Amino acid sequence: MSLCLSLHADVRDTWHQPDKVMDAVGVKPGMIIGEVGAGHGYFTFHLSRRVGDSGRVYANDIASRALASLRRKAESEGITNIETIVGEIEDPLLPEGLLDMVFIVNAFHDLAKPVMLLNNLVPSLKPDAPVVIIDRDPSKFRDPAGHFLTQEEIREKIERSDFELDHIETFLPQHNIYVIRVAKPEGCGIQNRVYGVKAAVDGSGLPKASGHHGSRDQLCRLGVCRFNVHL
Ligand SMILES: C[S@@+](CC[C@H](N)C(=O)[O-])C[C@H]1O[C@@H](n2cnc3c(N)ncnc32)[C@H](O)[C@@H]1O
């Protein structure tokens, strides 16, 4: 690694404190983690080390060249627990029903369709699995170009999605950590990860896996909250 790259990694470690972040959100050996917007893999390699040989990291991006460089680095270091996935702008195409956690590190503010992308993560998550958004907070540094999203703007996007905010960690010097989970429909007491809209609409009776899911309100209106289907 060049001096420049290693210095950059050191600076990023100061900003991101990856071990402290992974401790705070509960990343453990053996977990299966998705990462959206992994880029060249700054955080991916930290996740890969933490989950170990019994775990796996699915690193997504829309930039195939960045993922190719991530793969080359993994190969050169003999790392075998990272798989790369080229996604679509609104859908990361992560594997269904497998993930213990999803990270979006330094990428949420770059997403063109953040609400759709979040909603398309739902089928990939195990029950109650969190999505962890780590993004720079413009109130913590000078952002004259207004490139980053304020805490309020991020909260507003989460509120429009099928997720709800669990909590925010603010201990990083420039970033916030937003831990979100699939919202429970009001009065239903179960998760909103029910693939019931298609089945309810086509009248086939029971919810079926369709790969599509409705908003909390759609699900409740359709009475899908009576079902508790984890696929
Ligand atoms: C600022 S870079 C951060 C990369 C990496 N997470 C890091 O911290 O070094 C933002 C990344 O988000 C990716 N990205 C932008 N829109 C995306 C989308 N819709 N789905 C997946 N990745 C996306 C970009 O290609 C880029 O690699």
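The values are calculated or read from the model by the stated rules, or taken from the named source; none is laboratory data. Being a predicted model, the structure only gives us computed values, none of them experimental. Note: ideal-geometry Cβ built from the backbone for every residue, glycine included; neighbour counts use all protein chains shown.
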Item to check | Given (1) surrounded by fewer than 21 Cβ atoms within 10 Å (Cβ to Cβ); (2) within 23 Å of Tyr178 (Cα to Cα), index of the condition Glu83 fails | outcome: (2)
Next on the checklist: What's the total number of residues in region 85-120 that are within 7 Å of the ligand (Cβ to nearest atom), hydrophobic (A, V, I, L, M, F, W, C) and more than 13 Å from the chain's Cα centre (by Cα)?
Outcome noted: 2
Item to check | Residue list for region 42-59, restricted to those being within 14 Å of the ligand (Cβ to nearest atom) and more than 19 Å from Ser124 (Cβ to Cβ) | outcome: Tyr42, Phe45, His46
Checklist outcome for this item: Only one of Ile33, Ile62 is within 16 Å of Leu121 (Cβ to Cβ), in contact with a strand residue (DSSP E or B) (Cβ under 8 Å, 6 or more places away or on another chain), of a type in the set (Val, Ile, Thr) and more than 12 Å from the ligand (Cβ to nearest atom), namely Ile33
Checklist outcome for this item: In region 99-141, residues that are in a helix (DSSP H, G or I) and either acidic (Asp, Glu) or touching a Leu at 6+ places or on another chain (Cβ under 6 Å) (or both) total 4
Checklist entry - List the pairs whose first member sits in region 94-109 and is outside the structural domain of Asn60 (by TED's automatic domain parsing), whose second member is part of a loop (DSSP other than H, G, I, E, B), and whose Cβ atoms are under 9 Å apart, counting only residues at least 6 apart or on separate chains? => result none
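Is it the case that some residue within region 73-84 is more than 22 Å from Met22 (Cβ to Cβ) and either assigned to a loop (DSSP other than H, G, I, E, B) or more than 16 Å from the ligand (Cβ to nearest atom) (or both)?
The answer is yes; a qualifying residue exists.
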Item to check | Residue count for region 3-57, restricted to those that are in contact with a helix residue (DSSP H, G or I) (Cβ under 8 Å, 6 or more places away or on another chain) and among the hydroxyl-bearing types (Ser, Thr, Tyr) | outcome: 3
Item to check | Filter pass, Ala24 being surrounded by 13 or more Cβ atoms within 10 Å (Cβ to Cβ), within 10 Å of the ligand (Cβ to nearest atom) and either assigned to a strand (DSSP E or B) or not hydroxyl-bearing (Ser, Thr, Tyr) (or both) | outcome: no
Next on the checklist: Contact list please: Cβ distance under 6 Å, first residue in region 58-83 and among the aromatic types (Phe, Trp, Tyr), second residue assigned to a strand (DSSP E or B) and modelled with pLDDT of 95 or more, pairs at least six apart or on different chains.
Outcome noted: Tyr58/Gly34; Tyr58/Glu83; Tyr58/Ile85
